[in-house]
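Written out below as structure tokens is the structure these notes cover.
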Amino acid sequence: MIAEIKRRSPSKGELLRDWTIDDLGDFYVTGGASAISVLTDTDHFGGSVSDLTSTASRVSLPILRKDFTVSINDVLDTAEMGASCVLLIVAALSSEELAELTHVAGDIGLDCLVEVHDEAEAWSALEVGASMIGVNQRDLHTFEVDPDRAQRVAASLPDEVIRVAESGFHSSEQVALAAAAGFDAVLVGEAFVTAADPVATLRSFVGHPIGGR
């Protein structure tokens with residue numbers, strides 16, 4: 001489980017009403033998350049660099065910086081903030097940019113979560129040697145969630161690649177289906193941020209056995 005700290009969304013507005021950033025970090029550790037994702041984009045998600053640095057100073061879990069990474073400086077900044085993983089979105093980068101940023105991240109010890117939406121993007125990720133691929137179930141243009149398409153994309157990946165399902169998880173049953181489809185992890189934000197009891201909700205989402213490839 002990659003549990004996400006997310007203040008707002010472009011489609012639903014403000015999400016973080018009852019908890020502080022520090023609260024969420026503590027909840028995620030207690031609830032059994034394997035890693036924490038922190039949105040640092042301000043314009044669309046209301047996040048900030050301080051959200052990540054505060055979380056990194058408070059918890060010992062690996063931290064993914066969730067933002068629109070488009071330059072070498074973005075990658076270097078991610079490491080300086082204390083994150084251990086950077087998000088690279090195939091749809092936002094040329095093949096040359098994706099290869100360059102992946103290489104730079106590796107050189108400075110950052111892991112990369114390479115996000116894709118379809119089989120063609122998955123192939124681009126594999127071409128640059130991505131070992132951890134996030135399959136976003138949400139269409140970038142319509143914002144519709146399509147778990148069937150995400151499962152098809154995941155099935156096209158080689159066994160050694162870590163598969164992460166992103167977006168649209170609101171119940172433990174949905175997480176169980178993703179695990180059964182062969183995903184190694186899911187990234188969940190809104191369901192935890194808006195929960196009356198984030199710890200209990202998180203605990204209900206973890207521990208599903210991973211199905212065959």
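Rule-based calculations on the coordinates, nothing more; no lab input. These numbers were taken from a predicted model, which means no experiment stands behind them. Cβ placement follows ideal geometry from the backbone for every residue including glycine, while neighbour counts extend to all protein chains displayed.
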Starting from the Cα of ASP184, step 7 Å toward the Cβ, then list every residue of segment 95-136 with an amide N under 13 Å from that point.
-> 111-114, 130-135
Counting sequence-distant residues (5 or more places) and residues on other chains, those with an amide H built under 5 Å from that of ILE89 are THR69, GLU115
Here the relative contact order (percent) of segment 35-106, from C-alpha pairs under 8 Å and at least 6 apart, is 29 percent
Calculated FRET efficiency for the pair GLU160/ALA91, C-beta based, R₀ 25 Å, to 0.05 | 0.60
Kirkwood-based shape ratio for segment 2-205, expressed as Rg/Rh from alpha carbons | 0.93
Normalised contact order of segment 146-185, rounded percent, pairs of Cα under 8 Å and 6 or more residues apart | 50 percent
Run the dipole for the chain about the Cα centre, Lys and Arg Cβ at +1, Asp and Glu Cβ at -1, nothing else charged, and hand back the magnitude in debye, nearest 20.
-> 640 debye
The chain: calculated mean residue ellipticity at 222 nm from DSSP helix runs of at least 4, using -39500 (n - 2.57) | -11000 deg cm²/dmol
Going through segment 156-213, which GluC sites (Glu not before Pro) have at most 10 other Cβ atoms within 10 Å and a DSSP loop state?
-> GLU160
Please give the net charge around THR69, taking every other residue with its beta carbon less than 11 angstrom from that of THR69, where Lys and Arg add +1 and Asp and Glu add -1.
-> -4
Fraction of the pair-distance distribution of segment 53-96 above 15 Å, Cα-Cα pairs, percent = 42 percent
Quick one: Cα convex hull volume of segment 11-101, Å³ per residue?
-> 110 Å³
Potential lengthening between ASP111 and HIS141 on full extension [0.36 nm per residue; Cα-Cα distance subtracted] = 8.1 nm
Between TRP123 and SER60, what is the label-to-label distance in nm when each label sits 7 Å out along the Cα-to-Cβ direction?
-> 4.5 nm
The chain: relative contact order from alpha carbon pairs under 8 Å, six or more residues apart, as a whole percent, is 20 percent
Label point distance in nm, ALA200-HIS170, each placed 7 Å from Cα along Cα→Cβ | 1.9 nm
